[in-house]
Amino acid sequence: MKLRPPAVPLITVDPYFSVWSPADRLTDSEPHHWTGRPNTAIGLVTIDGETFRFLGKYDVPEMKQTKRDFTALSTEYRFEAAGIELTALFTTPLLIDDYYYLTRPISYLKLSYKSLDKKEHDVKVKIAFSEEICINLRASEPVTASTFATNDIKSARIGSRDQKILACDGDDIRINWGYFYISTKGQSASTSIEKLAYGDSALPEMTFVSAENVICPECGALFTFAYDDIESIVYFGEHLKSYWNKDGAKITDEIVKAFGDYDEVLAKCKVFDDKLFLDATRAGGEKYAEILELSYRQACAAHKLVLDKNGDILYISKECFSNGCAATVDVSYPSIPMFLLYNPELVHGMMRPIYKFSRTDMWEYDFAPHDAGRYPWVNGQVYGLRDTEEGRKLLHKYQMPVEECGNMLVMAASAAIASGDTSLAKENLDLLEAWVKYLFENGRDPENQLCTDDFAGHLAHNCNLSLKAISGILGLGIIYKLLGDEAKFEEYKNIAREMSLDWIERAKNEDGSFRLAFDREGTFSMKYNIIWDKLFGTNVMPKAAINAEVASYRRKMNKYGLPLDNRSLYTKSDWLIWTATLADSKDDFMEMVEPLWEAYNASESRVPLTDWYWTHSATMRGFRHRTVVAGHWIKLLEYSEKMKIN
């Protein structure tokens, strides 16, 4: 049985260029941006003079949808009407080890058909996108549009009139600068601009750009959707372009290239898709593999890849539907498993903004910061206030000191292992040493502070946060090992082992499981932070303790998964899979992860994957479209043994 997506990815390039279908059938709703705002689009097919709808809610008879399927990089629909079967294949080639394709802001739609009644048919197709694709708020931002041709490629372009490039930051906002392009190719191709009344009659007509073509029985019809944002990120005052146009490439030239390399790109996507599904099935079962397939495009599209002035990779995340923070450490930390597996340099790209910010005069603390800005402005932390003395107190209150120190140390170690490159860690060894010092002094029994699960509030004596400290200390020990200092490695490993044994004595419940907080007998929480000890093969935490903890989770499972802890019925999908990966057997892992598959399959929250949902109802508690779903790869990372150091 194939997983029914809560929302189906159609165009997934970056936090701004984002189009999803929030329905089972492509004709049941207009497409949406990940924020839930409409990205109205219309897909019409004319068969022997009779017009039908296969995309959107326009007032035309709909085709019968007969299939919906997805892989990591493509989404396929099939429809029937008037004697034909129409296939629509949406592909965004986010090839993670190829920066050009990972960042080239072009997505494909290939349409083809076959005759069901053995007759010949004349089939034409029209795709139209509204102005919502390039503005934040409909009816308050005027647009301009035009059509043009490049040889036999016909294109239409639309963008905001004012073009205030990188003029605002925030969470629940859409891009309102740059230009969207829709293109198709061939002698029968054409493009147009039109005004249509759509939706709420109280709103004015919208401008649509459209492309039309004949669907050839042999070769189909190919459409591309492109978005040139011109400039992508503000990085400590400097405006940076995306990787694809770092040397001044023009989007019109890239559209021509995209038509020329479609077959090659599609073949590369299929190789990646097939390998991912096979590897994930072997590691964690078919339902686990389907979760990864649905997570992949979202994980990539919550980032933007740019280069700093030194030519180094910056991989900037947006903390979607949380607070819009950029380069958030405790969002990067749960995301790293997928990137460690496929391209660990992207993990270095997540860390560089934090290292840079930590060395500025703005940061005066002895622990790691929470973030480096609010997307798309990466100018320094915004999580809290610091303009006044009272603001500085608030800033400290809302920090996550043990959390972020441990996160940065684990990220530094794991990226160095996966890449075989210790240069970034070595360059920032003074910061890493300062952060591990903070863990020595504060990680054994953390004071009343936030952890990454900040929605649950402050908590003193947090057992799982103490495990984060142990993992961070291990991380620096591993970095020393990779730098050739075995004595330092053994020293730090022994400290982590001593802390682990002490942790067991203080965290143990009477039934052998372990507490949420050291001073709260009978409580529980997921102990996901100790997973790195298993992945590294350092074994500082006795296996018997972990096995007892995992066994205790069976008694606490709900219909749609294991709650995060005893305080509420909600859970986190990333931490659920990390916790399941603590289990020794594949069967035990699958038993813990199957309820997550069921939650996504049944959820009435028709949004891109949420990582925070209710385990009794499968509905979203909060968050959507966050890159933390890349954390779902941790079982596959374990299966690869890529993190083993012994």
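Read the figures in this text as sums done on the coordinates, not as results from a lab. Since we're looking at a predicted model, the values are computed, not measured. No Cβ is skipped: glycine too gets one built from the backbone with ideal geometry, and neighbour counts run over all protein chains shown.
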Excluding residues on the same chain fewer than 8 positions from Lys488, give the aspartates and glutamates whose Cα lies under 14 Å from its Cα.
Glu433
Whole-Å distance linking the alpha carbon centroid of the range 280-342 with that of the range 181-232 is 30 Å
Could you sort the peptides 566-574, 247-255 by per-residue average Cβ neighbour count (10 Å cutoff), highest mean leading?
566-574, 247-255
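Say the cut-off is 19 Å between C-alpha atoms; which of Lys2/Lys126; Lys110/Lys304; Lys493/Lys572; Lys246/Lys309; Lys481/Lys642 go over it?
Checking Cα-Cα distances, Lys2/Lys126; Lys110/Lys304; Lys493/Lys572 exceed 19 Å.
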For a quick protection proxy, order the peptides 521-534, 441-454 by their average other-Cβ count within 10 Å, most packed first.
521-534, 441-454
Pseudo-spin-label distance Thr150 to Asp312, built 7 Å along Cα→Cβ, given in nm, is 3.4 nm
Spin-label zone in the range 348-380 - amide nitrogen under 15 Å from a point set 7 Å from the Cα of Glu447 along the C-beta vector
365-368
Calculate how large, on average over all directions, the projected area of the Cα convex hull of the range 211-274 is; give the answer in nm² to one decimal.
6.6 nm²
Kindly give Rg over Rh for the range 312-640, based on alpha-carbon atoms, with the Kirkwood expression for the hydrodynamic radius.
0.94
So the FRET efficiency between Tyr398 and Leu137, C-beta based with R0 = 25 Å and rounded to 0.05, is 0.25
Checking understanding here: applying a Kyte-Doolittle mean of at least -0.5 and a length along the axis of at least 15 Å (C-alpha), which whole DSSP H helices in the chain pass?
262-284, 286-301, 329-342, 345-358, 401-419, 429-442, 463-482, 543-553
Count the net charge of all other residues whose Cβ sits under 9 Å from the Cβ of Gln449, scoring Lys and Arg as +1 and Asp and Glu as -1.
-1
Taking 22 Å as the cut-off for C-alpha to C-alpha distance, list the pairs among Lys119/Lys185; Lys270/Lys586; Lys508/Lys543 that go past it.
Lys119/Lys185; Lys270/Lys586
Provide Trp244, Trp435 in ascending order of the number of other Cβ atoms located within 10 Å of each residue's Cβ, fewest first.
Trp244, Trp435
Less than 16 Å apart at the alpha-carbon level, and either on another chain or at least 8 residues along: which aspartates and glutamates does that give for Lys124?
Asp48, Glu50, Glu62, Glu80, Glu85, Glu212, Glu218
So, in nm, how far is label Asn646 from label Lys543 when the simple model puts each one 7 Å beyond its Cα toward the Cβ?
1.1 nm
Dipole of the range 328-371 [Lys/Arg +1, Asp/Glu -1 at C-beta], most positive-end residue of Phe357, Leu346, Val329:
Leu346
Most packed first (mean Cβ within 10 Å per residue), the peptides 63-69, 73-79, 155-161 order as 73-79, 155-161, 63-69
Dipole moment magnitude, nearest 20 debye, the range 23-74 about Cα centre, only Lys, Arg, Asp, Glu C-beta charged
180 debye
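Give me the percent relative contact order of the chain, please, defined on Cα pairs under 8 angstrom at least 6 residues apart.
Over the chain, the number comes to 12 percent.
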Could you tell me which GluC sites (Glu not before Pro) in the range 583-646 are loop residues by DSSP with no more than 10 other beta carbons within 10 angstrom of their beta carbon?
Glu604, Glu641
Summing +1 per Lys or Arg and -1 per Asp or Glu among the other residues with Cβ less than 13 Å from Asp122's Cβ gives -1
Alpha-carbon centroids, the range 519-588 and the range 401-423: separation in whole Å:
22 Å
Report the FRET efficiency, 1/(1 + (r/R0)^6), for Asp247 and Glu218, where r is their Cβ-Cβ distance and R0 is 41 Å, rounded to 0.05.
0.65
Below 15 Å, Cα to Cα, which aspartates and glutamates can Lys268 reach? Residues fewer than 8 away in the same chain don't count.
Asp97, Asp98
